[in-house]
Every structure is written in C-alpha cells, then in structure tokens.
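I have placed the structure first, in the form of structure tokens, so that the comments after it can refer back to it.
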Protein chains: 2
Amino acid sequence: MTSFTSTVFTPESMSVPGGTETVLRGGRHLFPLLPQAFAGVRRIAVLGWGPQGRAQARNLRDSLAGTDITVAVGLRPGSASAADARAHGFTEADGTLGDWLEVASGADLVILLVADAALAAHHEEVFAALRPGATIGLSHGFLLGHLTAAGGDFPPGHGVIAVCPKGMGDSVRRLYEQGEQINGAGINASFAVHADPDGHAVDRALAWSVALGAPYTFRTTLRSEYLSDIVGERAVLLGAVHGLVECLYRHYLLSGDDAVTAYERSCENITGPVARTVSRDGLRAVRETLPAAGREVFDRAYAAAYRPARELVAEIYDEVADGTELRSVILAERRLADRPMSRIGGSPMWSAGPAARARRGERELPVEAFTAGMFVATMAAQIDEFADRGHPWSEIVNESVIEAVDSLLPYMHARDVAYMVDNCSRTARLGARRWGPRFQAAYEQLALPAAESGSTDPALLAAFTSHPVHEALASAAKLRPTVDISVA
Amino acid sequence: MTSFTSTVFTPESMSVPGGTETVLRGGRHLFPLLPQAFAGVRRIAVLGWGPQGRAQARNLRDSLAGTDITVAVGLRPGSASAADARAHGFTEADGTLGDWLEVASGADLVILLVADAALAAHHEEVFAALRPGATIGLSHGFLLGHLTAAGGDFPPGHGVIAVCPKGMGDSVRRLYEQGEQINGAGINASFAVHADPDGHAVDRALAWSVALGAPYTFRTTLRSEYLSDIVGERAVLLGAVHGLVECLYRHYLLSGDDAVTAYERSCENITGPVARTVSRDGLRAVRETLPAAGREVFDRAYAAAYRPARELVAEIYDEVADGTELRSVILAERRLADRPMSRIGGSPMWSAGPAARARRGERELPVEAFTAGMFVATMAAQIDEFADRGHPWSEIVNESVIEAVDSLLPYMHARDVAYMVDNCSRTARLGARRWGPRFQAAYEQLALPAAESGSTDPALLAAFTSHPVHEALASAAKLRPTVDISVA
C-alpha cells in the first residue's frame, strides 16, 4: 500500500518499525522537474480561498514560475475572499481569478479546497463542469466519506488524487517561504491515488506535493487519510488538547496557583516547551529532560492518562469509520444554518493567556512534568490506536506528532487553543466541540484521581520508552531540515 | 394522537396548553376490572429481571392476586438473577420461573424487559417463540429504534403495545407499595399501541398500566416515546444533571468553598431542596421561594444557562431522531464486549458526598439561587425543545419534570449522581457519558462567563414565568396524590 515508483522523481526507502516505507524527499532543487511530472497538466485550478486554498495556490504559482503551467483561483459567486485573492496577485484581468465552475472547466487539474459543507452540497456541479480527462485533486478525504455516506461516487474517466499537507494552511505557506533560506523546509504531505485512468496519477500527485514544499511525501489511501485526519483533529491535534488544558488549568487553580501560573503550567507548557522538545528531540526526550523527581511525576501522569485517552481515541475511531461522526457533522450544519456556532473563547482560562504570553521574555519555562505526562500519554494513545488499525507509520507520526508539534501547537502558542478551535475548519471545529469535553471529563474523572492515587504502571512505561514510534520519528526527522516555524 | 376510549375503564380529560389530553387515572379500586381489561390474557410473561423487570413482575402479580391471570418470569440461560427472582417468590416449582423462550412461548402477553443489547441481539428468537396472537409488550421504544435502524420489523399478527413507567424500576415498586396506604401513589406511565390485530390493545395496555400502579396513564406513540425517553435521559434526567453538578462543584470550590459546602451548594441542592420544591409546588415555585436578592441571582443564572442547554438538547434530539445516537451505542457495546465500562464515581467531588449527607439532620438546606437557576433553565430548555418537536404535554412534563423530581433525583439524593450514572441501563449510562461532559463544558465555557457578566434577559424570564408548562404541571399534579417517595 505504501510503496510507489516514479518516472520523474527518485523516491527512497525510509526505515520504519517492522520494515520500510517508500518516500519522496522534497526541496526546491526538484522544481525544474515539475513540468515533466505534471504530465500534460498546463492549467491548475484551485477552488476555494480558505487557509489551504490560499497557501496552496500561492505555493503552486511560485514553484511553477517560469514554466508554462498556470495557476488560477476559482471562487463561488459572491465570495468574500475575492479581494484577498486579488491582493495576492490572482486577478480577473490576467485570467487567474474567476467563478469556480468556469475556472474548473478550463483546468487539467482541479484542486477542491472549498469548505467541507460547500463540497458536500455542490460537488456534482463541479464534476459536471470538468473537461474530459481532467484530474480531480483533494487535500483530505472528507469528500470520499461524504460520497460513501450518500451512496455517490467520483465521476468515471477522471483521475482522482489527493495531496494532504500534514499541517494547517498558514504553516504550509509560512514554511514554504522559510524554504527559500532552508531548502526543504515545509509541511510533510501524504498522497493517495484513488483513480488513475491515464497512468500518470502518481507523478502528478508527487509534483503537486513537491510544489507545495513538502519536505517528504509518503503514500496512503484516501480512506486511510480520511480516518487518520478526522480522528486526529478530534483527538491529540485539537480536541484532546483543548480538553486537557481546560482540565489542567482548573486542576492547578484548585491546587492553589494564581490564574497566570495555572495557565503557564497547563496551556502555555504544552504549546511551548513540551511541543518544542518533541519537535527538536522526539517524544522520549520530554521525559528525559526532567530531573528524577519530575520523571516520577511524569510517569504517574502518563500511567493515569493513557487508558482513558486510548478508550476515547478508539471511540472516535469507531464513530468516524462507521460514518456516525460525519452524520453528526451534517446534522450540526443544518442546525447552524440560521445561527452562528457559539464560541468557546469566553471560557475564563483564556483571559489569563495575554499575561502569560507577556511573561515569556522573563525566563525559560521548564517542562511541567505532570502536564507533559498527560499530554505525551494522549499522543501515545493515538499512536497505538492508529498502529492497531493498520495505518502506515509515516501517517501515524505525521498525524499524531509532527503535525501537532510543527504546525498546530506553534500556532496555538502564538494565539491560544480556543482561538484555534474557534477558527479552524467547520468539520474540525464541530469535532473539537464534540470530543474536547469528553477528553476533559475523562482526564478529570478518571486520570486525575488515578494520578492522585500515586500508582505508576511499569509495563506501560516500558512500552513507552521502548516504543517503535521513536524509531519512526527519528527516520522522519532525518528527511527534513530542522526549522522552527516563524508565526506572525 | 393522544385521545383514546376504553370499554372497561373511564378515561377523563386533562386540560393542557392549547387543548385537552385524554388520561386514565389509576388506583387500587380499579384492580377488580383487570381480568376484563386484559381481554383474553391469562398468562403474562415478564422477560428479564433488571430493575424494571423485577418491579413490574412483582406489581403485576400482586395486582392480579386472586384472579386467574398468572405472571411468570423468563430469564436467559445462566442468568445471575435467578436466585433473586426465587427469593421474590417466582420459582421453577410452581411454573412462574423458567427459560425466557419457554416462558414466552406459554404466555398471552410477553413483556420484554431484558437489557437493550440483549434485545437487539436476540429479539428474533423471542419473536419465533411466541404463540399465535400473543401480544408483545415493551416498556420503552428502544426496540423500535433498533428495528428501524436494522431494517427489521415486529412480526405480523401480534399486537404490539408499550407501557412506559416514567421512573426507574425501583421507584415503580417502592411507590406501588406506598400505594397500600395512599391509593394512587405510583409512577405515571405512557402507553402506545403499535399494532392491534384483535382490537383489544388499548384495554390491555391500560390494564397493564393500572396493574403497575400508575397514578395516571396517557397516550403516545412508540416513536414519540422513544425520542423523548432517549433524549430525556441524555439531557435533564441524567446527562445534564451530571454535567451541571461537575461544573458547579468546581465553580464553588474555585470561589472559595470547602469541599462539603461546594457539594451542598451543587449536587445536594439539586437532588434535595430544588427537586422537592418542584415536586411539591411546581417549577415557578423554585424562583418564588427565593428572597429578592436570590431571585436576581436565579435570573442571571437562568439567562446564562438556557441557550447553551437548549442547543445541546436540540443536538441530542437530532442525533437520536437520525439514528446516529443508537449507532454509537451499538459501536460502544462492541468495544465494551471485552472489558467493563470505566466508572465515573472516582471523580473527586463524590468523596464529599458522605459528609454532606451526614450534615442533613443539622438544618434545612435552602435553595441555592445560582444552582437552581441553571438547573431550572436546563429543564425549561428540554421542555421547550420537546414542545417544538410536537410531543404531547403529558409526555413533556413527565419526561422532563415529574420523572426527574419524583423518581430519579430522590434516588440520586439517597446515593449520589455518579452512583446513578454508573448503575442505570447501559443505553442510559453510555448516553450520560457521551452528553454529560458536553453539558459540563457548555456550562463552564458559555454559561458561567455569561452569568459573570451580570446581564439578565427579561424576555427569556417572562417566557419562563408565563410558561404554559406550569398549567400542564398543575393539571398533572391534580391527577395523583402528593407522596414523597421513600428511598431505602
């Protein structure tokens, strides 16, 4: 499932637990190969100007500058994004901005980056507008989930490929820009080939991924991508982080901390020192940087949080795989048709955020052992559940660790977690609202009392310290340059 | 939909907002009419010995003592309940205890009170065992929901009726026993006729309900019962109460209370003085018993909690009506096949319960205005959502108010809320786990900050004080004697 060959690029083998996976290392030195790899694609339509649309349209255009391949942006009638697209150089005047169906009808590769709900409602209009043989491009598996649930399918005769950056749109652009100085900086991506009528699907997908700036690209299926993506954002990427910091903030308040200290020991710690340590030195390093007493606290927190988190990840996985989660998103979209989604940023903990951020210059915040133990346990729970369900290791480490520490958490660190939950995709927002509170309750009602009891679980800890994920993470780390994302 | 006639009993008209509903008032003086009303039923099988099975089998047997109608209990092979059934006088020796399929095959009315999961897995075996023309009896709509989801149906040629006590099994028995002293004490019930091949379904259902001791019986449909029952237990009957007390306990701790005081102001207050006030004097009385300053606090809490609670009740309703909630229960049952459900009773707040209960003799605990405002707002939110979705008023007040204050909350007062959540039906336990944390988060992240802001909502308050539910509750109260349930 994970191996592939290319007539243009030179994939390599990455060592992972139990074997190898084929990957393509990226970089700007590969840009001259893009016209050949795009195999007959001379016009690319990017439909939608959300964070992914904006980042991908710009990266593709910049990477293809000087070639005869053009990139045009298609927007729905009356889209509020037209002005911003023009400000970034996509204009009606030069034919690189227009109505989404018209732009789609003129392109050889049509990348669907409109919001999930719009895609669910209007994909048939887009399909009908495609020119014969045009390739359909996706950046996550939502549409497959929707078509499966609704009994539909992709139109025959068209290639269907996905390139899925393992990070939010803003970071796909930001790291691409940093790639001018550090070749290969970027957001890793998976690709999938769902339909390949002319045999060029793999090369086109790889070209797209290289043009986005992916440090390395691995192969998955649309179904596997869909499952890991939707589950991951409900669990350790977003929902679980939100639930964990709400739980820990109150926990530290109740143990006597003032609001800013409680914020620092919970939210600030995860988005700052914990995320940085994992990003630079891997998961095991979080525990190893702690003094002996801190390690004991870490071990207690890890043992207490792992099983409640694992049960929830399994529950989320079952509901996503069954289609139940998607049905609930569709039901929510109907209820929300008349009124805005309530925001969660009013929760008292977020008012402590500015003061905590203002203190940042004063000193280096150390890793908080208890917070780190619960967070790393949640990450390990997701890793283990994904491994049990048969995901490729590249997908596991990217969707559970790398996307968190190199894309999402740095953004949460710059703003805060609530801002992130209130401003991500609607499918992710709804998912975080559904599952964040479940994680919070599981941590409060199961993990905290277990941690108070003081017992550890040597077998669980041994499984963590000797976990194959450390090897997979180390292999992935070798494939990309170390670069701290700069967040405005 | 709500009107009915009987050839045996004398229904009466109950005034409800916008019209009337037909109801049958119960009482022991009606027991002599039971053989006629049971119309050809000479043997009743009660399958299952959970709280409902145990209560219903005993009540039916006692009400039918001296008639030629016998009641037999059927248990699955190897059931751990056989000894308890024997201890209550159902024995193999006199033919009133046996294998569930054998007992079912010998009965004219077969009441299915086994656990939902067992019913989902084995209903076809029971259907196959029925004698021709036997009536199928249900006490909630779960099986209809399951059959709808699975594309199945009830077997043709059999009557299908439901009698659904609006209270837990223990209270169905306990109040029935108290009915020896106070005629008419009991748990109200709804009935539904889903299939009526011989025209006697209504009378049989009424006889069953009267024999259980229902103070009054109203009519609904199996679908309407299913929706209100499954939504109600996820919302104000169980899930929301759990979420609310978890939220309020921490809230009072953070405002400086010691653990026992925080427990008294949250959990103890709802299960004690608030529930008692609603039970005796109605919903509006909770606000009216407060001094002027307390009313202002109540109004603020009410205004802050109503909308978040209403949104969640609407979400639950959508998911139950869509079948999504039932799918998630089935997925959870599969995951739980190998391991027990984790318990929530370890949450720190419950350790304060015994000390709070020990203080009860010392003084009368007053209604806590803030707690009461949030709880009553949640009740009003469920009432309004049920009314918008077209439920009969008897169903609304029983499923949103009377079942809470006269059955469940008194039991939670005797034990605690966590005990209740950990010991109710699996469908309810799973539902409370799914939705309790959602309510907790909505109260914490939306309602508490709104209440802090100090604003009230005069229009929302006016809608509450002039709410038609007060008339419906008053009508319902006239139909039953005032009796405080005695909980061992």
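The test for being out of contact with any Phe, Trp or Tyr (no Cβ under 7 Å at 6 or more places or on another chain), of a type in the set (Phe, Trp, Tyr), over 21 Å from B:Asn423 (Cβ atoms) and open to solvent by less than 20 Å² (accessible area, probe 1.4 Å) does not hold for B:Phe127.
Considering (1) within 28 Å of the chain's Cα centre (by Cα); (2) more than 25 Å from A:Leu34 (Cβ to Cβ), the lone condition that A:Trp100 does not fulfil carries the number (2). Looking at this structure, is B:Leu312 under 22 Å from B:Val421 (Cβ atoms) and touching a His at 6+ places or on another chain (Cβ under 9 Å)? When the stated conditions are applied, B:Leu312 does not pass them.
Just one of (1) farther than 30 Å from A:Ala309 by Cα; (2) surrounded by 24 or more Cβ atoms within 10 Å (Cβ to Cβ); (3) modelled with pLDDT under 95; (4) not polar (S, T, N, Q) fails for A:Gly167. It is (1). All conditions but one from (1) open to solvent by 10 Å² or more (accessible area, probe 1.4 Å); (2) within 14 Å of chain A (Cβ to nearest Cβ) apply to B:Arg223; the one that does not is (2). Of all residues in region A:263-302, those satisfying the criterion of being assigned to a helix (DSSP H, G or I) and polar (S, T, N, Q) are A:Ser266, A:Asn269, A:Thr271, A:Thr277, A:Ser279.
Of the strands (runs of 3 or more DSSP E) that lie entirely inside region A:12-71, those containing 1 or more residues that are at pLDDT 95 or above, open to solvent by 30 Å² or more (accessible area, probe 1.4 Å) and closer than 18 Å to A:Gly89 by Cβ span A:43-47. Looking across B:Ile316, B:Ile344, one residue alone is in contact with a helix residue (DSSP H, G or I) (Cβ under 9 Å, 6 or more places away or on another chain) and modelled with pLDDT under 90. It is B:Ile344. Here the condition is being within 13 Å of another protein chain (Cβ to nearest Cβ), in contact (Cβ under 8 Å) with a residue 12 or more places away in the chain and in a helix (DSSP H, G or I); of A:Glu385, A:Glu403, A:Glu395, it holds for A:Glu385 alone. State the number of residues belonging to region A:414-436 that are part of a helix (DSSP H, G or I) and more than 11 Å from A:Gly345 (Cα to Cα). Final tally of qualifying residues: 12.
For region B:307-327, indicate whether the set of residues that are more than 14 Å from chain A (Cβ to nearest Cβ) and open to solvent by 40 Å² or more (accessible area, probe 1.4 Å) is non-empty. Talk me through it step by step, then tell me what you get.
Step one: filter region B:307-327 for residues more than 14 Å from chain A (Cβ to nearest Cβ), giving none.
So far as region B:307-327 goes, no, none of its residues is more than 14 Å from chain A (Cβ to nearest Cβ) and open to solvent by 40 Å² or more (accessible area, probe 1.4 Å).
Residues that are open to solvent by 10 Å² or more (accessible area, probe 1.4 Å) and of a type outside the set (Gly, Ala, Ser) were ranked within region B:279-293; the one that is farthest from the chain's Cα centre (by Cα) is B:Pro291. Look at A:Ile396 and say whether it is open to solvent by less than 10 Å² (accessible area, probe 1.4 Å) and either more than 11 Å from A:Val236 (Cα to Cα) or modelled with pLDDT under 95 (or both). Against the criterion (open to solvent by less than 10 Å² (accessible area, probe 1.4 Å) and either more than 11 Å from A:Val236 (Cα to Cα) or modelled with pLDDT under 95 (or both)), A:Ile396 qualifies. Which of the residues that make up region A:446-462 are under 30 Å from the mean Cα position of the chain (by Cα) and either open to solvent by 10 Å² or more (accessible area, probe 1.4 Å) or more than 13 Å from chain B (Cβ to nearest Cβ) (or both)? Once the filter is applied, which keeps residues that are under 30 Å from the mean Cα position of the chain (by Cα) and either open to solvent by 10 Å² or more (accessible area, probe 1.4 Å) or more than 13 Å from chain B (Cβ to nearest Cβ) (or both), region A:446-462 yields A:Leu446, A:Leu448, A:Leu460, A:Leu461, A:Ala462.
Only one residue in A:Ala476, A:Ala432, A:Ala472 is touching a Pro at 6+ places or on another chain (Cβ under 7 Å) and either under 29 Å from A:Met420 (Cα atoms) or modelled with pLDDT under 95 (or both). Which one? Steps first, please.
Numbers: A:Ala476 fails: touching a Pro at 6+ places or on another chain (Cβ under 7 Å); A:Ala432 fails: touching a Pro at 6+ places or on another chain (Cβ under 7 Å).
Every option except A:Ala472 fails the conditions.
Against the numbered list (1) open to solvent by 20 Å² or more (accessible area, probe 1.4 Å); (2) under 19 Å from B:Gln56 (Cα atoms), B:Asn188 comes up short only at (1).
Quick one: is B:Arg433 closer than 22 Å to B:Phe386 by Cβ, open to solvent by 20 Å² or more (accessible area, probe 1.4 Å), over 13 Å from the mean Cα position of the chain (by Cα) and within 14 Å of chain A (Cβ to nearest Cβ)? The answer is no for B:Arg433.
Summed over region B:339-362, residues that are in a helix (DSSP H, G or I), open to solvent by 40 Å² or more (accessible area, probe 1.4 Å), more than 9 Å from chain A (Cβ to nearest Cβ) and not small (Gly, Ala, Ser) total 2.
Taken together, A:Leu336, A:Leu365, A:Leu331 contain a single residue that is in contact with an Asp or Glu (Cβ under 9 Å, 6 or more places away or on another chain), within 12 Å of chain B (Cβ to nearest Cβ) and of a type in the set (A, V, I, L, M, F, W, C), which is A:Leu331.
Does B:Met412 qualify as being away from chain A (no Cβ under 14 Å), more than 19 Å from B:Gly373 (Cβ to Cβ) and at pLDDT below 90? Answer is no for this residue. With the checklist (1) in a helix (DSSP H, G or I); (2) more than 17 Å from the chain's Cα centre (by Cα); (3) not acidic (Asp, Glu) in hand, flag the one item A:Pro481 doesn't pass. Among (1) in a helix (DSSP H, G or I); (2) more than 17 Å from the chain's Cα centre (by Cα); (3) not acidic (Asp, Glu), the lone unmet condition for A:Pro481 is (1).
Considering region B:79-119, and only residues there that are modelled with pLDDT under 95 and open to solvent by 50 Å² or more (accessible area, probe 1.4 Å), the residue that is farthest from B:Ser209 (Cα to Cα) turns out to be B:Ala80. Restricting attention to region A:234-268, the residues that are open to solvent by 30 Å² or more (accessible area, probe 1.4 Å) and touching a residue at least 60 places away in the same chain (Cβ under 8 Å) add up to 3.
Taking region A:134-179 as the range and being of a type in the set (D, E, K, R), part of a loop (DSSP other than H, G, I, E, B) and touching a residue at least 40 places away in the same chain (Cβ under 8 Å) as the test, only A:Lys166 passes.
How about region A:186-232: which of its residues are closer than 28 Å to A:Trp435 by Cα and not in a helix (DSSP H, G or I)?
First, pick out the residues of region A:186-232 that are closer than 28 Å to A:Trp435 by Cα: A:187-192, A:220-232.
Residues satisfying the conditions are A:Ile187, A:Asn188, A:Ala189, A:Ser190, A:Phe191, A:Ala192, A:Thr220, A:Thr221.
Filtering A:Ala387, A:Ala474 for residues that are over 30 Å from A:Met341 (Cα atoms) and buried (at least 18 other Cβ atoms within 10 Å of the Cβ) leaves a single hit, A:Ala387.
The values are calculated or read from the model by the stated rules, or taken from the named source; none is laboratory data. What you see is a predicted model; the values in this text were computed from it and never measured. We place every Cβ from the backbone using ideal geometry, glycine too, and count neighbours over all the protein chains shown. When the accessible area is computed, the model is the full protein with side chains, heavy atoms only, and any ligands, DNA or RNA have been set aside. Shrake-Rupley method; radii C 1.70, N 1.55, O 1.52, S 1.80 Å.
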